[in-house]
Amino acid sequence: MSVSAFFDLIFPRRCGVCGVEPDAADSFLCWNCRSQLRVVGDPHCSWCGNPLEGRVDHAYTCYHCTQMGPSFDRARSAMRFEGAVPTLIHQFKYRGALWLRKELVSWLVACVNVHYAAEAVDAVCSVPLYPARARERGYNQAAILAAALARHLHKPFWSRDLTRVRPTETQTHLTARQRLSNVAGAFRTRSSDRLRGRSILLVDDVMTTGATTSACAQALKEAGCRVVNVVTLARGQ
Ligand SMILES: [Zn+2]
Ligand SMILES: [Zn+2]
């Protein structure tokens, strides 16, 4: 009996969303929940990656990006924040279901391969939590994802170069403009020469208006980063 088959006997794997036994040996999602995953495909905003319905035959920049001009160069997300995705990410983020990492990281790897294959990435960073929040939760879900992605890409994970210097209130009920001012100045880089001229891949779990990732990118650019591209698990509206 293999080690993984042995562990399956003791800890039977369950679907990360609905709890039934998955159909495939190495899956953390049942077939039904997997069928609810919706990849972010074309067409989408060439800047922030926001998907749009219908057909667009030319490079397209959304109204939000035209107005706000986010500080990152490009952002891309793997899945739409709908169907099984919100539950899956919630389990990973707040319920300690860290075993879902393998599934979630595979989304990031695919998204990077599709959108950033031509980019020369120097290092991977993640959106930091405020230290008190990280202690309370016990882990930073974005850092776990970023570390695993960096290993896949054979790039360093720079976990301490970007920090959150003040807590920010939850953004769920804020408008796009309120979100921007909510996170303005919330991030700093540690004084470090190694960021200068670098191309950074910034990881987060869910992106909505992009205010948080843009504030992180702004701090990284002020520290001299040449390129900041964003990759997230999911894209909400
Ligand atoms: Zn399921
Ligand atoms: Zn956009």
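The values are calculated or read from the model by the stated rules, or taken from the named source; none is laboratory data. Because the structure is predicted, anything quoted here is derived from the model rather than measured. Quick reminder, even Gly has a Cβ in these numbers, built from the backbone with ideal geometry, and neighbours come from all protein chains shown. Surface accessibility is based on the protein's heavy atoms, side chains included, excluding ligands, DNA and RNA. Shrake-Rupley method; radii C 1.70, N 1.55, O 1.52, S 1.80 Å.
General observations
- For R74, the conditions (1) at pLDDT below 95; (2) closer than 15 Å to V40 by Cβ; (3) not acidic (D, E) are fulfilled apart from (1).
- Pairs, first of a type in the set (D, E, K, R) in segment 214-233, second open to solvent by less than 10 Å² (accessible area, probe 1.4 Å), C-beta under 8 Å, six or more apart: K221/V228; R226/S199
The rows are residues; the columns are (1) within 21 Å of D26 (Cα to Cα); (2) assigned to a helix (DSSP H, G or I).
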residue	(1), (2)
G83	no, no
L88	yes, yes
L100	yes, yes
E103	yes, yes
C111	yes, yes
V114	no, yes
A117	no, no
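- Scanning segment 167-185 for residues that are surrounded by 14 or more Cβ atoms within 10 Å (Cβ to Cβ), in a loop (DSSP other than H, G, I, E, B) and out of contact with any Lys or Arg (no Cβ under 7 Å at 6 or more places or on another chain) yields T168, L174.
- L100 satisfies every condition listed in (1) of a type outside the set (D, E, K, R); (2) open to solvent by 20 Å² or more (accessible area, probe 1.4 Å); (3) touching a residue at least 40 places away in the same chain (Cβ under 8 Å); (4) within 16 Å of ligand 1 (Cβ to nearest atom) except (2).
- Matching residues, segment 16-56, being open to solvent by 50 Å² or more (accessible area, probe 1.4 Å) and among the aliphatic types (A, V, I, L, M): V20, A25, V39
- Counted residues, segment 52-68 - those being of a type in the set (S, T, N, Q), within 9 Å of ligand 2 (Cβ to nearest atom) and farther than 19 Å from G41 by Cα: 1
- Flag for M68 being within 16 Å of ligand 1 (Cβ to nearest atom), touching a residue at least 24 places away in the same chain (Cβ under 8 Å) and not acidic (D, E): no
- Residues of segment 67-85 include none that is open to solvent by 50 Å² or more (accessible area, probe 1.4 Å) and β-branched (V, I, T).
- For segment 186-213, residues that are open to solvent by less than 10 Å² (accessible area, probe 1.4 Å) and either farther than 24 Å from K93 by Cα or free of Cβ contacts under 8 Å to residues at least 12 places away in the same chain (or both) total 2.
- Some residue of segment 207-230 being assigned to a strand (DSSP E or B), touching a Phe, Trp or Tyr at 6+ places or on another chain (Cβ under 8 Å), more than 16 Å from K155 (Cα to Cα) and more than 16 Å from ligand 1 (Cβ to nearest atom): no
- Candidate set: segment 12-50, residues that are within 22 Å of V114 (Cβ to Cβ) and among the aromatic types (F, W, Y); chosen: the one farthest from ligand 1 (Cβ to nearest atom): W47
- Inspection of segment 71-89 identifies no residue that is touching an Asp or Glu at 6+ places or on another chain (Cβ under 7 Å), more than 16 Å from ligand 1 (Cβ to nearest atom) and at negative phi.
- Of the residues making up segment 140-166, those that are in a loop (DSSP other than H, G, I, E, B) and open to solvent by 40 Å² or more (accessible area, probe 1.4 Å) are H154, K155, P156, S159, R160, V165, R166.
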